[in-house]
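Data first, discussion second: the structure below is written as structure tokens.
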Amino acid sequence: MKKTYFITGGCGFIGSNFVHYLMEQELVERVVNLDKLTYAGNPANLKQYDNDRRYHFIHGDICDKKIVEQIFDQYKPDYLVNFAAESHVDRSIGKPEDFIQTDIFGAFTLLEAARKHGLERFIQISTDEVYGSIVSGSFRETDPLMPRNPYSASKAGADRLAYSYYATYKVPVIITRASNNYGPYQYPEKLIPLFVTNAMEDKPLPLYGDGKNVRDWLYVEDHCRAIQFVIEKGAVGEVYNIGGGNELMNVEITRTILEHLGKPESLIRYVDDRLGHDRRYSLNCEKLNKLGWRPVHVFEQAIKDTIDWYREHEDWWRPLKTGEYLEYYKTHYKTLS
Ligand SMILES: NC(=O)c1ccc[n+]([C@@H]2O[C@H](COP(=O)([O-])OP(=O)(O)OC[C@H]3O[C@@H](n4cnc5c(N)ncnc54)[C@H](O)[C@@H]3O)[C@@H](O)[C@H]2O)c1
């Protein structure tokens, strides 16, 4: 049977990739995308569906109970996937309020509507950052959450609130905790698109601290497949880690970018470290692997494809690197050398 998906934050990086993924599938009846269009939301990511009767864009806030209720009434979604969030750690350190509002109160508004109207699955997109930093080994889903900045703390709040709606009200919630995504349509404030586009313009690449913070990298299309997999095969009330199996230091990613673009390492600028910067994230993904999911993209190729995508889509990122973003960039990255 064909299904209706209610996507929130579908104009952002992962959300828009997920909408593209869904629109290629025959068993999708309709995709309803509720997005507030913050600085990170870009309707250009999905403009090809403007006249597609399967795609419905609604401009609005997930904290707005009235709009959320209207969507449930009108479209009767089978699945809700909550991507909408303030997502940039640096911004959460500067101005936490928006994070508490959207990431926690927004999730609450959606969960309340789901409780009232009912649906088949409520997928809360959480993050590996809720576990905090780990020196060695990898976090399992049962490990305690130790978020260390306002972004990860607000995501942890939403993660556990979603679980409470399963435990208390039997809302069919599943929570996913993915590692760092990379791929097309990522706003150029995050490490990979920022460094690729800066390097293309021969501008400095501001690398935090000693550059040795470790992240696991997951290609966004693998993440999209994992979300769909969890909808079909996951158990309600469960948490699933989703990792790419590619742990790298930030300086290694930076060198890969420079090498692929044929740019010199002298573009690297070591800058003051982020406050409370988590040293390493690492996920144990056995639980999802045992169900049968594995990433299919090989990092060495997918990172080149990603760099090439930004190289070939200057018309997409250039307008984003002016105005408000530029002001923010100037005040937040103090060059050390
Ligand atoms: N990017 C990553 O590496 C990563 C990794 C793991 C988990 N996540 C999670 O995945 C989700 C998507 O991340 P992303 O990188 O695509 O984020 P993003 O910042 O690129 O996009 C967020 C989207 O949400 C929208 N939005 C923000 N506030 C809203 C509100 N109040 N109501 C409706 N829409 C609103 C924005 O307009 C934007 O389109 C987030 O929940 C994030 O925490 C991201």
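The values are calculated or read from the model by the stated rules, or taken from the named source; none is laboratory data. For clarity, every value in this text was computed on a predicted model and none was experimentally measured. All Cβ positions, even for glycine, are placed from backbone atoms using ideal geometry, and neighbour counts span all protein chains on display. These accessible areas exclude ligands, DNA and RNA; they are computed on the full protein's heavy atoms, side chains included. Shrake-Rupley method; radii C 1.70, N 1.55, O 1.52, S 1.80 Å.
Worth a mention:
- Helix 250-261 and the long axis of the chain differ in direction by around 80°, with both axes built from C-alpha atoms.
- Fraction of antiparallel bridges per DSSP, the chain only, in percent to nearest 5: 10
- With all protein chains in place and a 1.4 Å probe, the accessible surface of the range 146-277 carries 50 percent carbon and sulfur.
- For the chain, the ratio of Cα radius of gyration to the globular rule of thumb 2.2 N^0.38 Å stands at 0.95.
- Amide H partners (placed H, <5 Å) of Arg269, local residues excluded: Leu205, Leu207
- Taking Lys65, Lys2, Lys287 and ordering them by how much accessible surface each has at a 1.4 Å probe, largest first, produces Lys65, Lys2, Lys287.
- Simple spin-label estimate for Glu252 and Glu300 gives 1.3 nm between the two label positions (7 Å along the Cα-to-Cβ direction from each Cα).
- At R0 = 30 Å, FRET efficiency that the Cβ-Cβ distance of Glu314 and Glu259 yields, to 0.05: 0.90
- Cα gyration tensor shape for the range 1-91, rounded if a/c is under 1.5, else prolate or oblate: oblate
- In the chain, helical runs assigned H by DSSP with n ≥ 4 each contribute -39500 (n - 2.57); averaged across all residues and rounded to the nearest 500, the mean residue ellipticity at 222 nm is -11500 deg cm²/dmol.
- Solvent-accessible area per residue in the chain equals 43 Å², computed with a 1.4 angstrom probe and all protein chains kept.
- The Cα atoms of the range 201-333 define a convex hull whose projected area, averaged across directions, is 10.1 nm².
- When the chain is treated as a GNM with alpha-carbon contacts under 10 Å, the residue of Leu34, Leu194, Leu283 showing the greatest mean-square fluctuation is Leu194.
- The dipole here belongs to the chain: it is taken about the Cα centre, uses +1 on the Cβ of Lys and Arg and -1 on the Cβ of Asp and Glu, and is about 560 debye.
- For the range 36-83, the fraction of 1.4 Å probe accessible surface lying on carbon and sulfur atoms is 47 percent.
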